[in-house]
Amino acid sequence: TEKRTDFTYTDGLITKTVILNKTNQLSETIEYSYLVGKLVEVESLGNYRINYIHNTDKTVSYERFTISGNQQVKEFHGTLYFENENLIKNERILDTMPVGITSSESITFDYDAKNNPLYNVLGYKNLLDHMETISSNNSLINTVIATTTNGDQVLSVANFYKSSFEYDSENYPTERVSEIAILANGNTGYLKTQYFY
């Protein structure tokens with residue numbers, strides 16, 4: 001693998017991850033803060049910060065800020081929606097657009113009925129910044145609808161990213177093949193992930 005992630009726990013909750021890129025030996029430290037067992041802040045030291053508010057309707061609102069020195073700029077804000085222990089939708093609005101232009105994204109997730117192995121890792125399902133990997137099942141299709149509004153002009157673009165799985169006799173995945181966007185040139189590629197237990 002090209003990356004290694006180390007988790008630090010406090011009272012059964014993940015309070016820090018250190019991600020080491022083995023290729024260039026650069027590491028990133030991310031700290032997690034909780035209130036009554038619920039995630040309220042994520043901070044990648046010197047890079048970004050995300051604040052979370054847990055709403056009474058079981059949704060979670062969030063704001064993401066980029067950090068540069070003593071400056072922090074609100075990048076986007078949004079809402080996470082859950083159903084049956086799965087993250088089913090992430091709606092967000094960009095806060096860096098010029099006046100008069102709004103840009104939003106709606107990401108929906110469709111799941112299998114099998115077991116996501118990461119869901120059983122102590123504290124992992126609380127890491128809201130890890131998106132669909134915190135869910136109890138495995139995400140088969142991610143649908144991303146990006147909408148830009150400029151005056152009375154509305155442009156919407158939909159992209160679908162699919163994954164296929166092979167499972168063992170306990171209904172845990174042994175292999176995942178994911179369709180991914182390679183953003184540098186806009187092409188789409190495939191990523192194979194193998195799971196070892």
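Throughout, read-outs are computed from the coordinates displayed, never taken from laboratory work. Small disclaimer: the values here were computed from a predicted structure and weren't measured. Cβ placement follows ideal geometry from the backbone for every residue including glycine, while neighbour counts extend to all protein chains displayed.
In the structure displayed, which of Lys74/Lys125; Lys38/Lys89; Lys22/Lys58; Lys125/Lys192 lie more than 28 Å apart, Cα to Cα?
On the way: Lys74/Lys125 25 Å; Lys38/Lys89 19 Å; Lys22/Lys58 38 Å; Lys125/Lys192 23 Å.
Too far apart for the 28 Å limit: Lys22/Lys58.
Taking the Cα centre of the chain as the origin and placing charges on Cβ (Lys, Arg +1; Asp, Glu -1), which of Leu39, Thr10, Leu127 is farthest toward the positive end of the dipole?
The residue sitting farthest along the positive end of the dipole is Thr10.
Sort 111-117, 94-100 for me by packing, meaning the mean count of neighbouring Cβ atoms within 10 Å per residue, highest on top. Don't skip to the answer; put the middle values down first.
Details: 111-117: 17.0, 94-100: 10.9.
Answer by packing, highest mean first, reads 111-117, 94-100.
Using all Cα-Cα distances in segment 1-122, what percent lands in each 5 angstrom bin from 0 up to the longest?
Spelled out per bin, shortest first, that is 2, 9, 14, 17, 20, 20, 11, 4, 2, 0.
Between Tyr195 and Asn55, what FRET efficiency follows from the Cβ-Cβ distance if R0 is 30 Å, with the result rounded to 0.05?
Details: r = 33 Å, r/R0 = 1.11.
Plugging the Cβ-Cβ distance into 1/(1 + (r/R0)^6) gives 0.35.
Over the chain, what is the mean sequence separation of C-alpha contacts under 8 Å (at least six apart), divided by residue count, expressed as relative contact order in percent? Walk me through the numbers before you get to the answer.
On the way: 421 pairs, mean separation 21.0, N = 197.
It comes to 11 percent, rounded to a whole number.
Apply the Karplus curve 6.51 cos²θ - 1.76 cosθ + 1.60, θ = phi - 60°, to the phi angles in segment 42-53 and return the couplings in whole Hz, x for Gly and Pro.
10, 9, 8, 4, x, 10, 7, 9, 10, 9, 10, 10
Order 150-156, 32-38 from most to least packed using the mean count of other Cβ atoms within 10 Å.
Numbers: 150-156: 9.1, 32-38: 13.1.
Highest-to-lowest ranking by the protection proxy: 32-38, 150-156.
Would you tally the net charge around Asp129, using a Cβ to Cβ cut-off of less than 15 Å, leaving Asp129 out, and scoring K and R as +1, D and E as -1?
Details: positive: Lys16, Lys38, Arg49, Arg64, Arg92, Lys125; negative: Glu28, Glu31, Glu41, Glu43, Glu63, Glu75, Glu132.
My count for the surroundings of Asp129 gives -1.
When every alpha-carbon pair in segment 48-197 is counted, what percent end up more than 27 Å apart? All intermediate terms of the calculation are to be shown ahead of the outcome.
Numbers: 3615 of 11175 pairs.
Counting pairs separated by more than 27 Å, the tail of P(r) holds 32 percent.
Please report, in Å, the Rg and the Dmax of segment 76-123, where both are computed over Cα atoms only.
Cα-based Rg and Dmax for segment 76-123 come out at 15.1, 45 Å.
Run the simple label-point estimate for Lys16 and Ala113 please: 7 Å along Cα→C-beta, distance reported in nm.
Modelled inter-label distance: 4.4 nm.
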